[in-house]
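Enquirer: Quick one: the structure is below, questions incoming.
The values are calculated or read from the model by the stated rules, or taken from the named source; none is laboratory data. Everything numeric in this text was worked out from a predicted model, so none of it was measured. Cβ atoms come from the backbone with ideal geometry, glycine included; neighbour counts cover every protein chain shown.
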Amino acid sequence: MSEQTPRTLNHFALYAFTDSHWSLNSEAKNSFHKNWLAGLRSAAQVVDIFQNTDAKADMLVWCALEADDACNASTFFEKLAKATTPYRHLIRSVDSFWGFTRPSQYTKTRSAQEIDPFAETRARYLVMYPFAKTAEWYLMSRESRQGMMNEHIRIGKQYEDIKQLLLYSFGLQDQEFVVVYETDDLPRFSDLVNELRDTEARRYTLRDTPVTTAIYHPAEETLALWK
């Protein structure tokens, strides 16, 4: 039987440090970073912390967990609140995007370019954004949509070093999907996005912003940037 994408919950949160954080001495910052990271790791199977590249937030936190049980989501959000609430005076939540993985209706097997949320290593860069299609897209026939997605998939396969994670957020947040890419080469990733702009499916994109680009380091090393 062909391997299919398992159901996982992936949560991407942007955080900014507050003025109270910057007033702490190095030892106090280290204690906060250590305890907060321990709390996050108790909430999810995998926690990665990235250095954000724009002014709206300092870091991006990616939490991933298996989601076969209907209770997994509520348990995660409860633990996330418990891990973060004691430090609300030190960190400010800027935004969050989340959703579930599931098998694609446009491919028969799991793509070799699909990001594994539980991988032990990460690419140097992560790009994440919310995404929504127009109503016209969903009112077309399955065959019409499949034809346009085949073009999209063909182009993506030409950039086999760039991996993607597609999360479904229908009815859960304002967007329909959260799209996540991993790459070691940002100019090459930009080339991929530019090429995808020429596809027919692009006509049916309603929204694909804001875009967040972040840099990977092991979690402790990322937090150490702000000691």
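Enquirer: Looking at Asp161 and the list (1) in a loop (DSSP other than H, G, I, E, B); (2) among the acidic types (Asp, Glu); (3) under 30 Å from Phe17 (Cα atoms), which single condition is not satisfied?
Expert: So the condition that Asp161 fails would be (3).
Enquirer: Could you pull out the residue among Leu126, Leu139 that is farther than 22 Å from Ala73 by Cα, under 14 Å from the mean Cα position of the chain (by Cα) and not acidic (Asp, Glu)?
Expert: Answer to the check: Leu126.
Enquirer: Could you tell me whether Ala81 is surrounded by fewer than 17 Cβ atoms within 10 Å (Cβ to Cβ), without any contact (Cβ under 8 Å) to a residue 24 or more places away in the chain and assigned to a loop (DSSP other than H, G, I, E, B)?
Expert: On the way: surrounded by fewer than 17 Cβ atoms within 10 Å (Cβ to Cβ): yes; without any contact (Cβ under 8 Å) to a residue 24 or more places away in the chain: yes; assigned to a loop (DSSP other than H, G, I, E, B): no.
Spelling it out, it is not the case that Ala81 is surrounded by fewer than 17 Cβ atoms within 10 Å (Cβ to Cβ), without any contact (Cβ under 8 Å) to a residue 24 or more places away in the chain and assigned to a loop (DSSP other than H, G, I, E, B).
Enquirer: Among the residues of the range 29-52, are any out of contact with any Asp or Glu (no Cβ under 8 Å at 6 or more places or on another chain), closer than 23 Å to Phe131 by Cβ and not hydrophobic (A, V, I, L, M, F, W, C)?
Expert: Checked the range 29-52: at least one residue is out of contact with any Asp or Glu (no Cβ under 8 Å at 6 or more places or on another chain), closer than 23 Å to Phe131 by Cβ and not hydrophobic (A, V, I, L, M, F, W, C).
Enquirer: Just to be sure I understand, how many residues within the range 102-145 are part of a helix (DSSP H, G or I) and in contact with a strand residue (DSSP E or B) (Cβ under 9 Å, 6 or more places away or on another chain)?
Expert: The number of residues fulfilling the criteria is 2.
Enquirer: Hey, among the residues in the range 33-51 that are touching a helix residue (DSSP H, G or I) at 6+ places or on another chain (Cβ under 8 Å) and in a strand (DSSP E or B), which one's surrounded by the most Cβ atoms within 10 Å (Cβ to Cβ)?
Expert: The selected residue is Ile49.
Enquirer: Filter the range 1-16 down to the residues that are surrounded by 18 or more Cβ atoms within 10 Å (Cβ to Cβ) and either at pLDDT below 95 or of a type outside the set (A, V, I, L, M) (or both), then identify the one that is nearest to the chain's Cα centre (by Cα). Steps first, please.
Expert: Step one: filter the range 1-16 for residues surrounded by 18 or more Cβ atoms within 10 Å (Cβ to Cβ), giving 8-15.
Within this subset, residues satisfying the condition of being either at pLDDT below 95 or of a type outside the set (A, V, I, L, M) (or both) are 8, 10-12, 15.
Details: Thr8: 12, Asn10: 7, His11: 7, Phe12: 5, Tyr15: 14 Å.
Looking at the filtered set, the residue picked out is Phe12.
Enquirer: Here's something else I'd like to know. Within 27 Å of Thr222 (Cβ to Cβ), outside the structural domain of Asp58 (by TED's automatic domain parsing) and not basic (Lys, Arg): which single residue out of Phe170, Phe118 fits that description? Write out each step before concluding.
Expert: On the way: Phe170 fails: within 27 Å of Thr222 (Cβ to Cβ).
On inspection, the qualifying residue turns out to be Phe118.
Enquirer: Here's a follow-up. May I ask you to list the residues in the range 167-203 that are more than 17 Å from the chain's Cα centre (by Cα), of a type in the set (Ser, Thr, Tyr) and within 27 Å of His11 (Cβ to Cβ)?
Expert: The answer is Ser190, and nothing else.
Enquirer: A further question on this structure: Between residues in the range 196-212 that are in the same structural domain as Val178 (by TED's automatic domain parsing) and assigned to a helix (DSSP H, G or I) and residues that are exposed (fewer than 15 other Cβ atoms within 10 Å of the Cβ) and hydrophobic (A, V, I, L, M, F, W, C), which pairs lie under 7 Å by C-beta distance while being six or more apart or on different chains?
Expert: What qualifies is Leu196/Ile155.
Enquirer: Kindly provide the set of residues from the range 120-151 that are within 18 Å of Glu182 (Cβ to Cβ) and at pLDDT below 95, ordered by number. Quick ask: steps written out before the conclusion?
Expert: Let us first name the residues in the range 120-151 that are within 18 Å of Glu182 (Cβ to Cβ), namely 120-131.
Across the range 120-151, the qualifying residues are Glu120, Thr121.
Enquirer: Give just the number: which of (1) surrounded by 16 or more Cβ atoms within 10 Å (Cβ to Cβ); (2) assigned to a helix (DSSP H, G or I); (3) modelled with pLDDT of 95 or more does Gly99 not satisfy?
Expert: With (1) surrounded by 16 or more Cβ atoms within 10 Å (Cβ to Cβ); (2) assigned to a helix (DSSP H, G or I); (3) modelled with pLDDT of 95 or more applied to Gly99, the lone miss is (2).
Enquirer: Condition first: under 10 Å from Ile162 (Cα atoms) and surrounded by 21 or more Cβ atoms within 10 Å (Cβ to Cβ). Now tell me which residues in the range 173-187 satisfy that.
Expert: Tyr181, Glu182, Thr183
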